[in-house]
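In what follows, a single structure is set out as structure tokens and then discussed.
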Amino acid sequence: MAELRTKIIACPTVGEELKPLLPDGFTLEMLEYGLHNVPESLHEQLQAAIDATGPEYGTILLGYGLCANAILGLESRDFRLVMPRADDCITLFLGSRQEYLRQLSLAPGTFFLTKGWIECGEDPYTEYCSLRMKYGHEKAFKIAKRYIQNYTRLALINSGSYKSEAYRKYARMVADYFDLTYEEIPGSNELLENLIGGIWERSFVVVPPGEVVQYEMFYALGGLR
């Protein structure tokens, strides 16, 4: 009997960090980034991707945190579901929730960027460019400034998995454009490597086939606090 394979369902921001880490036998499916803006739609698309998974798989890994509770209520009749105990993907990029909270304590108003976020996601500058097409520079800039009015620092998370100069240049440009302090901080692949490596102790939720993802699971064993 052939060994069952593993499938990863992730948003593009996480998927870009996962690509260089994936061993043979893993399938990566990336859902649309914009689904984060409507948690109900993200939930529906995640459940649809789970339901569409073929019988050659035995485990589905989710490259998502709670993401505004979008993953709550997900279930699989046939596959084990595994997901990190995390509020959102920033925890995955920094390697732990403790480091995430530490960074926020250093600068509560921090806007984080990563390679995947720059390539696939949204940031103040992409928001400004989108608005400029409709409203022109002056109004678009005012709206974008309101969008980031509570931010003081832009932090580029560098995982060390790729050449970072182009992303560093872009992140500096965004920071300068909106008068934010720029900083580059080290990331960590530890959580992502543990996710695909099957090291699922305290930092992950493992849901057997037939069970439903529940909020309480993220607080078991000293999880989210």
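Annotations
- GLY65 fulfils the conditions (1) in the same structural domain as ASP179 (by TED's automatic domain parsing); (2) modelled with pLDDT under 95 except for a single criterion, (1).
- Members of region 59-75 found to be part of a strand (DSSP E or B) and under 12 Å from the mean Cα position of the chain (by Cα), listed by number: LEU62, GLY63
- Boolean, PHE112 is aromatic (Phe, Trp, Tyr) and surrounded by fewer than 19 Cβ atoms within 10 Å (Cβ to Cβ): no
- Per the listing LEU180, LEU191, LEU195, the residue uniquely more than 25 Å from LEU28 (Cα to Cα) and either under 16 Å from the mean Cα position of the chain (by Cα) or of a type outside the set (Val, Ile, Thr) (or both) is LEU180.
- Check on GLY65, surrounded by fewer than 18 Cβ atoms within 10 Å (Cβ to Cβ) and either closer than 20 Å to GLU216 by Cα or free of Cβ contacts under 8 Å to residues at least 12 places away in the same chain (or both): no
- For region 151-161, residues that are surrounded by fewer than 16 Cβ atoms within 10 Å (Cβ to Cβ) and at pLDDT below 95 total 1.
- Some residue of region 2-18 being without any contact (Cβ under 8 Å) to a residue 12 or more places away in the chain and among the small types (Gly, Ala, Ser): no
- Failed item in (1) surrounded by fewer than 21 Cβ atoms within 10 Å (Cβ to Cβ); (2) touching a residue at least 24 places away in the same chain (Cβ under 8 Å); (3) part of a loop (DSSP other than H, G, I, E, B), with ALA86 passing the rest: (1)
- In region 46-82, the residues that are of a type in the set (S, T, N, Q) and under 21 Å from LYS19 (Cα atoms): THR53, THR59
- Exactly one residue among LEU101, LEU42 is of a type outside the set (Val, Ile, Thr), closer than 30 Å to ILE185 by Cα, modelled with pLDDT of 90 or more and surrounded by fewer than 20 Cβ atoms within 10 Å (Cβ to Cβ), and that residue is LEU101.
The values are calculated or read from the model by the stated rules, or taken from the named source; none is laboratory data. A quick note: this is a predicted structure, and the numbers were derived from the prediction, not measured. In this analysis, Cβ positions are derived from the backbone assuming ideal geometry, glycine residues included, and neighbour counts consider all displayed protein chains.
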